[in-house]
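These notes concern the structure reproduced below.
The values are calculated or read from the model by the stated rules, or taken from the named source; none is laboratory data. Since we're looking at a predicted model, the values are computed, not measured. Don't worry about glycine lacking a Cβ; one is built from the backbone with ideal geometry, like all the others, and counts go over all protein chains shown. Just the protein is used for accessible areas: all its heavy atoms, side chains included, with ligands, DNA and RNA removed. Shrake-Rupley method; radii C 1.70, N 1.55, O 1.52, S 1.80 Å.
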Amino acid sequence: MTSTQQSAPAGFRRGRPIETHSERAVLGGHAPRLQRMAQSLLFNDDRHLQAHKFLVDEAYLLDAQRYREWLDLLTDDIHYLMPVRVTTALGAGFDTSPGMAHFDENKYSLSRRVARFCTEHAWTEDPPSRLRHYITNVRTFATEVDAHVVVESAELLFRSRGDVNEGALVSCGREDLLRFNGQRWQLARRTILIDESVIRMQNLALFL
């Protein structure tokens, strides 16, 4: 099976995407445009192993709500996007709402969200939620630039808050662009495609 015959992730056409989701987003004008090339890397490839470790280490930071440390994992030109999913007929050619997003953020807006979490006014997270980010189905792809890789993963978030409310789940797929800056990998672009069109979680005061 060739790379153009493999099943494409939601929101992408078969083969290489014609464009990234960032190109259609309001704040995505600055986002890097690099895309995946060919088939995924072997699981014993050093780039895949490093990318997988990056995602696992990141998940532990998010579980512990160590958001200032998480911000340090992001490049200055990060684009963090979660489009609104829509239900369409088979063959419609799209499954996200153009120009609409739950998250459409850059480094500045993400840093402001983190700063607010550290104040006494973050009512949605005081007391804080108990979080567990499960990361699986990780695949890594080379790009046209050696210092960048595209990483695809599936994520399941469990969230519990208080003593009486039931826990909530969010399932999504992510496509990340990681950049090696000469010393370490950083997140340069993240597109989150949630697996439901109506989100049942009370709020999105969190990061995926």
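Miscellaneous remarks
- The stretch 138-208 - charge dipole about Cα centre, Lys and Arg +1 at Cβ, Asp and Glu -1, debye rounded to 20: 220 debye
- Applying 1/(1 + (r/R0)^6) with R0 = 25 Å to the Cβ-Cβ distance of residue 46 and residue 111 gives a FRET efficiency near 0.20.
- Electrostatic bookkeeping for residue 66 treats Lys and Arg as +1 and Asp and Glu as -1; over the other residues with beta carbon under 13 Å from its beta carbon, the sum is -4.
- A probe of 1.4 angstrom, applied to the heavy atoms of all protein chains, finds residue 199 with accessible area near 40 square angstrom.
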